[in-house]
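The values are calculated or read from the model by the stated rules, or taken from the named source; none is laboratory data. Just so it is clear, the model here is predicted, and its values are computed rather than measured. So basically every Cβ, Gly included, is an ideal-geometry build from the backbone, and we count neighbours across all protein chains shown. Just the protein is used for accessible areas: all its heavy atoms, side chains included, with ligands, DNA and RNA removed. Shrake-Rupley method; radii C 1.70, N 1.55, O 1.52, S 1.80 Å.
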Amino acid sequence: QVQLVESGGGLVQAGGSLRLSCAASGNVASINYMAWYRQPPGKQRELVAIITSGGTTNYADSVKGRFTISRDSAKNTVYLQMNTLKPEDTGVYYCNARLNQWYWGQGTQVTVST
């Protein structure tokens, strides 16, 4: 079992920045991947960024060059630094951990205004 708690969402103007945090607890030693997903209003959940246990990262094309996923292993925390935010980045952002099954956080709202 893994528990995930996100924080850091909010309202920001276009061009601004936010940093999301995801604190993991429980069986963290068994986590293979951690990722951030988002669900825009009226749309399906989509992958934003992923980081492996070895530190390899990958990003959705729509956020490459603007978002950075990173982790602090000592704190069992994964971050998503979001720069140059656009209105289309608006949505609920979810932290995801992958072990023998997938775990999800409760989500944090990000709203980017024009």
Cα-only Debye scattering, the chain: base-10 log of I(q)/I(0) at q = 0.15 Å⁻¹: -0.58
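Tell me the per residue accessible area of segment 57-114 using a 1.4 Å probe; a whole number in Å² is fine. Kindly include the intermediate steps, with their values, before the conclusion.
Numbers: 2920 Å² over 58 residues.
That works out to 50 Å² per residue.
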Rounded to the nearest 20 debye, dipole of the chain from Cβ charges on Lys, Arg, Asp, Glu: 60 debye
Overall dimensions of segment 49-98 as given by Cα atoms, namely Rg and Dmax in Å: 11.5, 34
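In segment 1-67, carbon and sulfur make up what percent of the accessible area (probe 1.4 Å)?
Working: 1670 of 3600 Å².
Summing carbon and sulfur atoms, their accessible area is 46 percent of the total for segment 1-67.
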Cα-based reach from K75 at 19 Å (exclusive), listing aspartates and glutamates while leaving out same-chain residues under 8 positions away: E6
Spin-label model distance (nm) - T111 vs K75, 7 Å beyond Cα toward Cβ: 2.7 nm
